[in-house]
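Undergrad: Quick one: this structure, given as structure tokens, is what I'll be asking you about.
No lab work stands behind these numbers, since they all come straight from the coordinates. Quick caveat: nothing in here was measured; it's all calculated off a predicted structure. Glycine gets a Cβ as well: all are built from the backbone with ideal geometry, and neighbour counts include every protein chain shown.
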Amino acid sequence: MENIDVFSLKRISVVGMAGSGKSTLAMKLGALLKLPVHHLDCYYWKENWVTSEDEEFFERIKVVAENDKWIIEGNYRGTMVDRFERSDLIIFLDYDFDFCIQSVKDRRLQKERIGLPDYLEDDEKAFKEFIDYLYNEFPEKMETLIRPLIKQYKHKLLVFKNREELKAYLAPLAIKIK
């Protein structure tokens, strides 16, 4: 999918490891393409880091994916089939693990966090659990569940291995990524 008229796209999925920049990319693309952006974390997390029930969460995302225009960013494998089936484009930020971990740690220091509900407070325990999850569970989930599913949709897939590749792709669109 190299010669894409991005201005004709109506439904875009953005996936990749935490810290890869999914939320930032989705917001910038949404502004450029005038598409509503949906952050899966905003649908999944309730106050005090309480999670939504799977059935409720999956149904909410299925409803969003049935719309005609959207950018949906986040992984949550249980939502991928519905999203990917309807996506015009899937962007996979397949960045280095250590780079993503450092980005997660760095963004915790930021006052404004994109892609998380405003009502979630910074919580040391939740952060530690998240880092533990990234080190201990996420790599296996990525290799056994997410990556094979993404490959099924290679006909509508763009993969970026690092920020430099993404920046080069976005430069003609006048989108700047840090």
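Undergrad: Hey, can you grab everything whose amide H is under 5 Å from the amide H of Lys46? Only 5+ residues off in sequence or another chain; H modelled, so Pro and N-termini drop out.
TA: When sequence neighbours closer than 5 places are left aside, the close amide H contacts are Thr51, Ser52.
Undergrad: What does the net charge come to around Phe84 if you take all other residues with beta carbon closer than 14 Å to its beta carbon, with K and R at +1 and D and E at -1?
TA: +4
Undergrad: How much mean residue ellipticity at 222 nm does the chain get from its helices, if each DSSP H run of length 4 or more adds -39500 (n - 2.57) and you divide by all residues, to the nearest 500 deg cm²/dmol?
TA: Per the formula, -12000 deg cm²/dmol.
Undergrad: Something else: Under a straight-distance cross-link criterion of Cα-Cα below 16 Å, which aspartates and glutamates are reachable from Lys105, leaving out those fewer than 8 residues away in the same chain?
TA: The reachable aspartates and glutamates, counting only those whose Cα sits under 16 Å from Lys105, are Asp96, Glu121, Asp122, Asp123, Glu124, Glu129, Asp132.
Undergrad: Residue by residue through segment 35-43, what is 3J(HN,Hα) from phi via Karplus (6.51 cos²θ - 1.76 cosθ + 1.60, θ = phi - 60°)? Round to whole Hz and write x for glycine and proline.
TA: Computed from phi, the couplings for segment 35-43 are 10, x, 10, 10, 9, 4, 4, 5, 8 Hz.
Undergrad: Where does the Debye-calculated log10 I(q)/I(0) of segment 4-110 sit at q = 0.11, 0.13, 0.20, 0.22 Å⁻¹, using only Cα point scatterers of equal weight, no solvent?
TA: -0.35, -0.49, -1.09, -1.25
Undergrad: Can you work out the PRE-style zone for Gln102? Point 7 Å along Cα to Cβ, and I want the residues of segment 18-57 with backbone N under 18 Å.
TA: 18-22
Undergrad: Figure the gain on full extension for Asp118 and Thr24 (residue separation times 0.36 nm, minus the Cα-Cα span) and round it to one decimal in nm.
TA: 32.3 nm
Undergrad: Near Leu149, within a Cβ-to-Cβ distance under 14 Å, what is the net charge of the other residues, with Lys and Arg +1 and Asp and Glu -1?
TA: Once all neighbours under 14 Å are counted, the net charge is +3.
Undergrad: Moving to a separate point now. Tell me, in nm to one decimal, what length is gained between Ser52 and Gln110 on full extension, where the rule is 0.36 nm per residue of separation less the Cα-Cα distance?
TA: Extending this stretch completely gives an extra 18.3 nm.
Undergrad: Can you give me the long-range amide H partners of Trp70? Hydrogens built in the peptide plane at 1.01 Å from N, cutoff under 5 Å, separation of 5 or more residues or another chain.
TA: For Trp70, whose amide H was placed from the backbone, the distant partners under 5 Å are Arg11, Ile12.
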